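Enquirer: Below are the structure tokens for one structure; questions will follow.
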């Protein structure tokens, strides 16, 4: 009697263990139109495997002419279904996309899909469509990496890429990067870009430790300059002394301060000619003008004793002077600007043109590119003219050659 009571107390103390020992739920026989089950029972215990096949003219809605399902605690691993034997399953095409079927995971006979390769990839053979015929896809195209695509951009010390990571980047793609705090490039802004061109990345401007320019530490007392040609300056913003006292003359000019802002009304120091008239402004070494003027999308490509030479990045053109000089009063001459000289087009927005390629394409000003079409020996053309895109329909390449295409 004592043992029975003790057992009852143990059961009440561990109700979870009692519940865990309860039998798993069984599965009811599934409904299957156009097929049969083996073995055919009313219920199936947990863990039971049930095989099924379909009648003539049909096949399981999974790969193979038969299929199996498993009962898992009252639920089947999938719902058995029979479909027309000429139906095609969704193809597995690496590095590609295609239209989804309105019927779910399979395509009816006669369905045509258009395969679009991912950015940085191209079709292995001519043609970008496949047709479902008697349960299989005819001429299913594949995608391989394009020879003009690039790997991930090379590591840039003290910088971070601002765009999403990818293993492969398409040709002409722009990738932006930014220097970490306290670092920058020699000129312009800390935000820069590199482009994928013919399988290689363009050179990235290095991110270097920023150095404070003259006056950045709060010293406003001025400093000595090092004028050129033996002339003597009296300090930042001061006058210059020529062969005789009082012979210097100032001319009103717009300069650029060390922070890159315009210094309207700043008068660069000048030297007189033999008649006493104003001559050329007095120049100083570039170190006396502090930080280089900022030119967005441009870089200093050559440094001389008193001047800087600028060039614009790829896909930009220079407007204004190529050379910037340092005046003896600590200001720069007016720098150039870099104006956009490219067009950008997203081919995904031109599906009606039947191009094979997809994604973004960047063209330089006055550049024309041929784009292969889904039909053999047919191409379209995209051009960049005065910043505007011009697109032509697919045409036989010989007609393009003879200029019979619009």
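Enquirer: Of the conditions (1) within 27 Å of residue 124 (Cβ to Cβ); (2) crowded, with 19+ Cβ neighbours inside 10 Å; (3) free of Cβ contacts under 8 Å to residues at least 60 places away in the same chain, residue 326 fails just one. Which one is it?
Expert: Answer for residue 326: the failing condition is (1).
Enquirer: Could I ask something else about it? Taking the range 306-347 as the search range and keeping residues that are outside any strand (DSSP E or B) and touching a helix residue (DSSP H, G or I) at 6+ places or on another chain (Cβ under 7 Å), which one is farthest from residue 287 (Cα to Cα)?
Expert: The first filter runs over the range 306-347 and keeps only residues outside any strand (DSSP E or B), leaving 306, 313-315, 320-322, 328-331, 333-336, 341, 347.
From the residues that got through so far, the ones that are touching a helix residue (DSSP H, G or I) at 6+ places or on another chain (Cβ under 7 Å) too are 306, 330-331.
Working: 306: 8, 330: 9, 331: 11 Å.
Among those that are outside any strand (DSSP E or B) and touching a helix residue (DSSP H, G or I) at 6+ places or on another chain (Cβ under 7 Å), it is 331.
Enquirer: Which residue pairs have Cβ atoms under 9 Å apart, sit 6 or more places apart or on different chains, and have a first residue in the range 93-113 that is at positive phi and a second that is in a strand (DSSP E or B) and surrounded by 17 or more Cβ atoms within 10 Å (Cβ to Cβ)?
Expert: 95/117; 95/121; 95/143; 110/132
Enquirer: What is the residue count in the range 142-173 for residues that are assigned to a loop (DSSP other than H, G, I, E, B) and under 11 Å from the mean Cα position of the chain (by Cα)? First the steps, then the outcome.
Expert: Of the residues in the range 142-173, the ones assigned to a loop (DSSP other than H, G, I, E, B) are 142, 146-149, 151-158, 162-168, 170-173.
Then drop every residue that is not under 11 Å from the mean Cα position of the chain (by Cα), which leaves 152-153, 162-166, 168, 170-173.
Selection size over the range 142-173: 12.
Conditions tested, residue by residue: (1) surrounded by fewer than 16 Cβ atoms within 10 Å (Cβ to Cβ); (2) out of contact with any helix residue (DSSP H, G or I) (no Cβ under 6 Å at 6 or more places or on another chain); (3) closer than 30 Å to residue 60 by Cβ.
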residue	(1), (2), (3)
106	no, yes, yes
117	no, yes, no
125	yes, yes, no
132	no, yes, yes
138	yes, yes, yes
143	no, yes, yes
147	yes, yes, no
156	no, yes, no
159	no, yes, no
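Enquirer: Just checking, which of 53, 61 is modelled with pLDDT under 85, buried (at least 18 other Cβ atoms within 10 Å of the Cβ) and farther than 19 Å from residue 374 by Cα?
Expert: Working: 53 fails: modelled with pLDDT under 85.
Answer to the check: 61.
Enquirer: In addition: Specify which of the listed residues (189, 220, 225) is touching a strand residue (DSSP E or B) at 6+ places or on another chain (Cβ under 8 Å) and either part of a loop (DSSP other than H, G, I, E, B) or modelled with pLDDT of 80 or more (or both). I'd like the intermediate steps shown before the answer.
Expert: On the way: 189 fails: touching a strand residue (DSSP E or B) at 6+ places or on another chain (Cβ under 8 Å); 220 fails: touching a strand residue (DSSP E or B) at 6+ places or on another chain (Cβ under 8 Å).
When all the criteria are applied, what remains is 225.
Enquirer: Here's a check for you: in the range 1-38, which residue that is loosely packed, with under 10 Cβ neighbours inside 10 Å and not in a helix (DSSP H, G or I) is modelled with the lowest pLDDT?
Expert: 1
Enquirer: Okay, moving on. Within the range 92-141, count every residue that is modelled with pLDDT of 80 or more, within 29 Å of residue 172 (Cβ to Cβ) and in a loop (DSSP other than H, G, I, E, B).
Expert: Number of matching residues: 8.
The values are calculated or read from the model by the stated rules, or taken from the named source; none is laboratory data. All figures in this text were calculated on a predicted structure; none of them were measured in a lab. Positions of Cβ are backbone-derived with ideal geometry, glycine not excepted, and every protein chain shown enters the neighbour counts.
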